[in-house]
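Encoded as structure tokens, the structure appears first; notes follow it.
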Amino acid sequence: MRELPRSASGRRLFPELSALAFQHKADLEAMEAVKKVPMAATIIRKVNELWTEKFFYTSTIGDDLKLGPRQLPRVWEMFREAAAVLDVKELPDLYLNTSYEVNAFAFGMKKYTIVLCSGLVDLLDDDELMAVLGHELGHVKCEHALYKTLAAIVANTGGDVLTSFFGVTQLVMLPIQAALFAWSRKAELSCDRAALLATQSPEASARALAKLGGGGLRKRTDPLDLDAVCEQAKEYERLDDSILLKGMSLYQSWHKTHPYPIFRAKALLEWSKGEEYTKILDGDYLTHAGAAALRRNQSTSCPRCAMTLAPGSAFCPGCGERIAMPPAGCPSCHQPIDPSWAVCTACGAALAKAAACRCGAELKAGWKFCQKCGAATTPPT
């Protein structure tokens, strides 16, 4: 446990917090599934270049009110505090629109922007609004914005715009839509966790989600019972006991970009009671430096389509890009080594030399032919 700095309101700040410290496993896995769908990487990259960011930004800056130190300063200071808590160093633009919808969203890739709807700001108390601000900043921190923007466009147009724009059939677009929506729902679970880190109040964060499901009436003072919310979520989960009801639930939700808010409230309350959240509050979390080291040791990303690659991949399975292989490492100190070395120059450890073909390629036990040049060989067994 380490002492963490605190904001003026007393909330813990998490210096150098990596998004991987709180991202939901399902979010990360679903993103990889999106990238593996044929043509997905190409379409997503092209849409962002030509349309999404410009489309949303033009509409926002023309219609909505930009917040700042002189424009709704109370909300602006809460936004700054949430960014400081989550270690979001580059503050996105924040806008308020006149829609009385209970909603907020983030978009952009090169320039991040967050929009709050008036209906949401009017409905929530300060702690609940802090949860929403943390949630949207979670999308920024997890670099969700491009894919969330595309999911919103596809949800609103049914994929017709993209189908006509790229000259592909709906049959091609359907798996991209399905994978994108499935990821979008799981990404919300990661950002609900960011909301909890921003508020550090499980009750306030869960109340904000419950109000998205209809649990908030501005002119009423009746209490909102979170235990009853969790019981309601359990009723929904019990639908899995019936194949028919499960099928109906899947049919109703496959095209949605967000999971049901009652389920989200229950999932967040459960996470708040777990070890992962407690360790973050104690200062024991994955930092940017730790995440970078983890990526170097576990996997690499394709420089062309950004798909995560297994260690040692020579080609990207998503787009076919050839991957530059990293130099071999010493088994003792992991420093780069030259294949001709007998000992590691960094730590002095003896290096076992692998059998080699006359073309220079490494040969493994049992090989009768070289995989690089095809020459017959008799490697050691």
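The values are calculated or read from the model by the stated rules, or taken from the named source; none is laboratory data. Treat the numbers as computed from the prediction; the structure is a model and nothing was measured. Here Cβ is always computed from backbone atoms with ideal geometry, including for glycine, and neighbour counts include all displayed protein chains.
Assorted remarks:
- Considering residues of the stretch 275-287 that are under 20 Å from the mean Cα position of the chain (by Cα) and of a type outside the set (A, V, I, L, M, F, W, C) only, the residue surrounded by the fewest Cβ atoms within 10 Å (Cβ to Cβ): Glu276
- Single residue of Val34, Val47 found to be under 18 Å from Glu143 (Cα atoms) and at pLDDT below 75: Val47
- Of the residues making up the stretch 1-32, those that are aliphatic (A, V, I, L, M) and assigned to a loop (DSSP other than H, G, I, E, B) number 4.
- Residue in the stretch 138-148 that is in a helix (DSSP H, G or I), modelled with pLDDT of 95 or more and closer than 30 Å to Leu174 by Cα present: yes
- Check on Ser205, touching a Ser or Thr at 6+ places or on another chain (Cβ under 6 Å), assigned to a helix (DSSP H, G or I), modelled with pLDDT of 85 or more and under 30 Å from Pro15 (Cα atoms): yes
- Condition check for Ala233: buried (at least 19 other Cβ atoms within 10 Å of the Cβ), assigned by TED's automatic domain parsing to the domain that holds His135 and either at pLDDT 85 or above or in a helix (DSSP H, G or I) (or both): yes
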